[in-house]
Amino acid sequence: MDRPCRSTDRHHLSMDNAASPPSASALNREYAAHAYQYDNNDPDGDLDAGDDYRPLQRAQRAMSAVGQSHILEVPELRTQFQLDIDDDTGEFVVSSPTKQKAPKQSGTSSVKRGNQARTMDALLGQAALESARGNDDKAIALLHDVIRQDPRKPHAYRQIAEICENKQQIPKCFQYRLFACYVDRTSSAEDWDQVGDMAVQLQKYPEAVASFLKAGRIEPGVWIYFHKRIEILERMQMKALAMKTRLMAMETVDLVKSNLSFSWFENMMQGVIEYFMLTDEADKANKALQCYVIRCLQRGIDIMENVFVLTYSLLSRDRHVDNVNLILGCVKGINAVRHDGRPSYKIEFNPPHSTVNINPFPLQDVAKFYVNESFPTILLGRLILSLLYTHNENAIQSLIEVFLVRNIEPEHEDLYMAIGTAYDTIKDFQGGLEYARMMIEDAVHSRLAHSWFLYGLFLERTGEPLEALAAYENVLQYDYRHVDARINMSWILQELDRNDEALEIVKEYSLEGGQRLPNERLLIRQAQVFLDRGYDSHYMNTLRMLLIPHFYLVHLEFENILRKRRTISNKAVHVNLRRAIMGVISRSPLERLVNKYGAIAERDERSLETLTSEQLHEYSMKLIHFLSCFEHQKQELLHVVCYVFLHPRMPAHHIETTQNILFYAAIKAEHYGLAFEFLRYLQMATRSSDDLTEEQKNSRIKQIYLAMNYVFCHHQTVAYQRYVTRLISKFPDEVMLHTMCGNNALMAGSYKTAIYEYSIALKFNPEDPLINLNIALCFTNLASRKDITNRTALAIRAVAFMNVYKTHRLRSGSKQEVWYNVGRMFNQLGMNTFAVYWYERVFNEPIPTLLAHDPTTGDAALVPAEIYDMRPLAALNLIQIVKDYNPQKARALRRQYCVL
């Protein structure tokens, strides 16, 4: 009997059972569900009109029925490797079977290895001789011996394949040809192509896909191998892998060698680009777009819109070398010369013309760039940016001169500022100052705020603060609310001990969005000004700007925080809770701000410990207080509290307060997953605490369970139920745990489990009306099922528990609630006569009252609580009962109770 495959997500082809069919498990189900069909009744693999179409089962039968052979069951064929097919890439991979390694023989010399090689050659010759004499069985036995001793001997596999082919044993021939090609490094693309064709003939499609991939990698310029692979993948409906194969072909196929028309190939490339854009695979989409652009530009096809998209993407991903190669190598209208008049660089294309390189790079000798007027300005600016970031700043002077005399268009206004920022990033302050001076000396650029800002920035960088201050004043003349200019002016004024002027320049402006952090003392004073004047939103923004750089310490020391953060009781905060907190912060708007300004603080070498621990806590609490006052700020409130909870410099004696605020913020932001993790941690910390008495522990545990039940009412997952079940196994006498478990089972529709848990809780509290109501509800739902045979017995139990509920609830609860629940039970059981009686009793009861305080006098009084009025619900259910035989009453009830 064949040995089954291992439980992995790959097809296996091993020499200890090479003919064993792969099972369709895990990711192989995608292949199995769409493979060509094959069974005993339909051996040709075609589906007739009357066939029962069950894709998964039929494909599984296909893979088990095709290519059966028993030649590889002989123990002598067991080797030290097996071939798998990776489901993600569709290529062959080798995995060694788990066998006990033979003890290493000491003293193995080259003489012994030579003797072994000669022995193998002798066996191969003897096998060939026996095969020529017609003794195929003896020849195969000799070749088995060769494979056992040297599993990577391709000649042995090939000879067995030839013998099997002569005997018309095609499945066996295929297996040995496949292994021969794999172990032979000199196998050609034609060899792999023949193996792939045999696999298609035998309907071994995964092996065919992997074989054609091997052929395509040996001769990447030939399209036919990719075409065969794509054709099979599309038959198997594996579109993702087919598109990846097309992308490989875009990069490597030579159109001339493959005799393909460019128009057809262009349509294929466009389809690949559209697919990866729709699936949000940015890297593959960029790679496909780059191949498409380079191939089209080589043939003089105008696709400038695609060039604009590609260069923008390359810049955003900091792929500046690729950007330079693309623009200088493919876009017409620009070239550079040396001082001796020769070209400064050569353009080199790979053989299939899918990639381009500039040689030498970085550019070494550039006297001048010549740019045609037709060359797009936006590409010129992006080329300058990429040359700066690749440290070719000595070669761009002529490009900047051309760039600055071009007309200013809205789509490339940001490039002027980006070039200045690039000079600042590479710390070429003199080059940046020269660039800014050229801008302010230009008649057009001198009237733009960013020109004067760059001039002031590089004057400040080169140690000219007074001249920089004058430049920033010119910035405010053109843009009075320029944030970065005001921040830089405040820094200069503070360095000149003109603190009042520094505050005046920023005190009524929001500093968010700037590229530099203001001084902390200035932010503190500005926050006080906003607080005194009642500008709450500006006050919150200022406190946020003050704290955001300090929150960056959480990201820098996260691993240390996981290991060392402790509570006041010296108990380590649960790692799962901290990871859940980081999950809440991840990808939030506040995290993006923290990363942005934290990186700016690192760039400016600003210390993250300028505020004391108490100051950090004080300002954090002020920000939390103001955020809690605004309903639309609940998400940011939670994110701020998460940072405060994790911050390593927060005072330890405030940790309990921070924990409580964390739970409050999680509930307000409706992030119940974090609330559950917090309650789970708090439950564990409470039980292990040595500072609490047993009575205090029991009281807090009850509070935790109540909070957990609130969380479970708003959010349900399997993890919550498993957690409660584990707690019950540890603390079987906790009544609230059984009640929670019953509530979860009731919400999930597991009514028998709910009855079991409620029955345990009922033993401890037999007069609890809520437990009796829930049991009655479970029996009512069970009696309402279609597959229940003894419906009457279940209904009787429901009525009995509802009667117990009614008896105990009337002592302290609202009669409206009791009558409505009784009527609802009879309504669900189909006993509408009784339901009508109890619903009508609801209308005779007054609205429930609650104790409320008068805000003017402070006196307490009982007032009707409309939110707890059950009459509209009772009327709505009663309308559904009587509308067919008494429509007038139904209309009257709707007008009286169900109209706002």
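The values are calculated or read from the model by the stated rules, or taken from the named source; none is laboratory data. Only a predicted model underlies this, so the values are computations on that prediction, with no experimental measurement involved. FYI the Cβ positions are ideal-geometry reconstructions off the backbone, even for glycines, and counts take in every protein chain you see. With ligands, DNA and RNA removed, areas are computed over all heavy atoms of the protein, side chains included. Shrake-Rupley method; radii C 1.70, N 1.55, O 1.52, S 1.80 Å.
So what's the range 740-808 giving for Cα Rg divided by 2.2 N^0.38 Å, two decimals?
Ratio of Cα Rg to 2.2 N^0.38 Å: 1.04.
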Between the modelled labels at Ala282 and Val405 (7 Å from Cα along Cα→Cβ) the distance in nm is 3.8
Protection proxy (average C-beta count within 10 Å per residue), highest first, orders 814-827, 849-862 as 814-827, 849-862
With x for Gly and Pro, the residue-by-residue ³J(HN,Hα) of the range 582-589, computed from phi through the Karplus equation 6.51 cos²θ - 1.76 cosθ + 1.60 at θ = phi - 60° and given in whole Hz, is 5, x, 5, 5, 4, 6, 7, x
Highest mean packing first, using Cβ neighbours within 10 angstrom, the peptides 766-775, 378-387 sort as 378-387, 766-775
Straight-line reach check, Lys214, cutoff 23 Å on alpha carbons, 8 or more apart in-chain or any other chain, hits among lysines -> Lys153, Lys172, Lys204, Lys228, Lys239, Lys244, Lys257, Lys284, Lys287
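Between His632 and Arg687, what FRET efficiency follows from the Cβ-Cβ distance if R0 is 41 Å, with the result rounded to 0.05?
With R0 = 41 Å, the Cβ-Cβ based efficiency is 0.60.
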Descending packing, highest mean Cβ count within 10 Å first, for 210-216, 650-656, 318-324, 287-293 is 210-216, 287-293, 318-324, 650-656
Rounded to whole Å², per residue accessible area for the range 273-450 with a 1.4 Å probe reads 48
On the formula 1/(1 + (r/R0)^6), with r taken between the Cβ atoms of Ser812 and Asn781 and R0 of 22 Å, the FRET efficiency rounded to 0.05 is 0.25
Under 5 Å from the placed amide H of Phe369, counting only residues 5+ away or on other chains, we find Ser398, Leu399
Distance in nm between Lys167 and Glu605 label points, each 7 Å along Cα→Cβ, equals 8.0
Under the 7 Å Cα-to-Cβ spin-label approximation, Met248 and Glu305 lie apart by a distance in nanometres of 3.3
A correct Karplus calculation of ³J(HN,Hα) over the range 744-758, with 6.51 cos²θ - 1.76 cosθ + 1.60, θ = phi - 60°, whole Hz and x for Gly and Pro, returns 5, 5, 5, 5, 7, x, 8, 5, 5, 4, 4, 4, 4, 5, 5
For the range 459-466, in residue order, the Karplus 3J(HN,Hα) values (coefficients 6.51, -1.76, 1.60; θ = phi - 60°; whole Hz; Gly and Pro = x) are 5, 5, 5, 8, x, 10, x, 5
Taking R0 as 56 Å and r as the Cβ-Cβ distance between Val337 and Leu466, the FRET efficiency 1/(1 + (r/R0)^6), rounded to the nearest 0.05, comes to 0.85
The extension gain from Ala128 to Tyr370, computed as 0.36 nm times the residue separation minus the Cα-Cα distance, is 80.0 nm
The percentage of the accessible area of the range 273-450 (probe 1.4 Å, all protein chains present) made up of carbon and sulfur atoms, to the nearest whole number, is 48
So Arg649 and Lys702, fully extended at 0.36 nm per residue minus their Cα-Cα distance, gain in nm 15.8 nm
Of the range 709-730, those with amide N under 20 Å from the point 7 Å along the Cα→Cβ vector of Met747 are 709-729
Rounded to a whole %, the carbon-and-sulfur portion of the accessible area of the range 121-188 at a 1.4 Å probe is 44
Rounded to whole angstrom, the alpha-carbon centroid of the range 848-893 lies from that of the range 443-490 at a distance of 67
